[in-house]
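Worksheet: one structure, shown below.
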Amino acid sequence: MGIKSFMGRRAAPEEPKSAPILVRDYMTSNLITFSEKENIMDAMEKLIKHGISGGCVVNERQELLGIISEGDCMKHVSDSRYYNMPIEDLTVGKRMHCNVETIDGNMNVLDAAKKFIEMKFRRFPIVENGKLIGQISQRDVLRAALKLKGQNWKY
């Protein structure tokens, strides 16, 4: 009579759980936004107060209208001085960029990194059903990369 093994069938090894890799998992949804009718000086104060380099311009329905940045504000300051114009007389709507490139919240965060490199933007808004739901920055992508470190980069 032979010896029988009572080990039974082994369960398949568990795959390590992977961290979320979608843009929506790393985007900022609590945004500082601007109104197109907002005075440019107020926008500059808001940028400084919140320590941000730019933000989305939305209407009352949270629809994305454009983006305003420190650079846009700097251009206004420079133009005002050069043309000897009052610095307070301009609105965000006159300085914002209207042709805004957005990113899908369901995009892989590593594909978003590639888009940042190709387009040289600092931030991309995320719009869903016509409304601004968030924004992803280069820093958010770096946070995602640190969280994914040591995991397989495949998706």
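Bear in mind that the values in this text are calculations on the coordinates, not laboratory data. All values derive from a computational prediction rather than experimental measurement. Counting neighbours? That spans all protein chains shown, and the Cβs are built from the backbone with ideal geometry, glycine included.
Structure summary
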{"item": "Exposure proxy order (Cβ contacts within 10 Å, fewest to most) of R61, R95", "result": "R61, R95"}
{"item": "Spatial extent of segment 23-147: Rg and Dmax, with the Cα atoms as the point set, Å", "result": "15.2, 50"}
{"item": "Restraint check, K120/K147; K75/K131; K49/K147; K94/K131; K94/K149, Cα-Cα greater than 32 Å", "result": "K94/K149"}
{"item": "Cβ-based net charge around F116, under 11 Å, with every Lys or Arg adding one and every Asp or Glu removing one", "result": "+2"}
{"item": "Charge dipole magnitude, Cβ of K and R +1, D and E -1 - segment 23-147, Cα centre, debye nearest 20", "result": "400"}
